[in-house]
């Protein structure tokens, strides 16, 4: 990210008047609709982060930048699904406990070996799970349906089961089958499938670099003895965790008091991130200096303030190739803005096939009254009730009270004009 700068006169003014904003806020500016703000954020992402090639053992949680295709049949041969005997089905179709069929055992085939025997009628081969079927065999009788006879013989005491315990060549995957598309997040199952296809390395997205700055003269690091009026810095660690879980390379750049000169100094010393997240100082109070400072420092403002609750004072801008988010200081507002706006941007930077939280619908289990005018995103708990999913809105919804976020596993969306949602209403939910 290019260096932030101010003209000397402005910089000197901030040194002589620390703390307060220089210009009145534009409180009469219309608030941006949620969908418009989100679309604006996403349309501002005009690139993906670079890619790198990694061993599949290091691909867990990474985003594929290539389609992954199997070059081989999986399995590469017809193989036994059970320990037992490889046989010809016609030889044992009349077998039963009362009238077992006696077959000559002509070979023993452990996994990892290939028999050179061609099985003839009246013959069987002892076979282990995963071993290739010998030529001439078309079924496996599991061991539990056999009894040993005299040397070199086996009694088959039942018919071949319906699935015949053979996994055929290519039954899992045929050559040329696409097993994953670009944009897919690698999970343990996909790691196993890639290994099964013989894939040893893949192209994935590099983690986007994110810098976090918390602002506020009241903030001190955890572990510090609190003095009068001080609180611990929550957002640095909250946002760090959210960004790390989203697949980013995250740095806490520092925390600054409500002085623009200090904020500018910190910004100027960190110029090479993909995303810059600032929290606090984004509203319209006398000491909310971040918005004004970013504008005067050369950050191109794309929008400020969105018609949602919580999280109205969201700032979004650009400086060079870096995207800049100014988030509210209240932790719940900051987290909500992250889920609704920052996460989709990160997902698009990573080249994911879908962006942002997964959504769905649920039936409400309780009711709540509202003041209309802004889209609400309420912390809630999802529970299963028979065949339905029931969303229970948590009682505590104040943006400065963080502890209910631990219990919340969804956000419930409430339309701008709604004055009430009732028990039994179907609502849109965002899965956290």
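Side notes on the structure shown:
- Summed over the stretch 207-228, residues that are farther than 17 Å from residue 330 by Cβ and either surrounded by fewer than 18 Cβ atoms within 10 Å (Cβ to Cβ) or over 31 Å from the mean Cα position of the chain (by Cα) (or both) total 9.
- Scanning the stretch 236-264 for residues that are outside any strand (DSSP E or B) and over 21 Å from the mean Cα position of the chain (by Cα) yields 257, 258, 259, 260, 261, 262, 263, 264.
Table: residues versus (1) in contact with a helix residue (DSSP H, G or I) (Cβ under 9 Å, 6 or more places away or on another chain); (2) buried (at least 16 other Cβ atoms within 10 Å of the Cβ); (3) within 30 Å of residue 300 (Cα to Cα); (4) touching a residue at least 40 places away in the same chain (Cβ under 8 Å).
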residue	(1), (2), (3), (4)
45	yes, yes, yes, yes
51	no, yes, yes, yes
56	yes, yes, no, yes
60	yes, no, no, yes
99	no, no, no, no
105	no, yes, no, yes
114	no, no, no, no
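- Restricted to the stretch 335-432, the set of strands (runs of 3 or more DSSP E) holding at least 2 residues that are out of contact with any helix residue (DSSP H, G or I) (no Cβ under 6 Å at 6 or more places or on another chain) and surrounded by fewer than 19 Cβ atoms within 10 Å (Cβ to Cβ) comprises 359-364, 375-385, 388-393, 426-431.
One line per residue, one yes/no per condition, for (1) part of a loop (DSSP other than H, G, I, E, B); (2) within 24 Å of residue 177 (Cβ to Cβ):
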site	(1), (2)
52	no, no
72	yes, yes
104	no, no
115	yes, no
150	yes, no
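Values in this text are rule-based calculations from the coordinates and carry no lab data. These numbers were taken from a predicted model, which means no experiment stands behind them. As a convention, Cβ positions derive from the backbone with ideal geometry for all residues, glycine included, and neighbour counts pool all protein chains shown.
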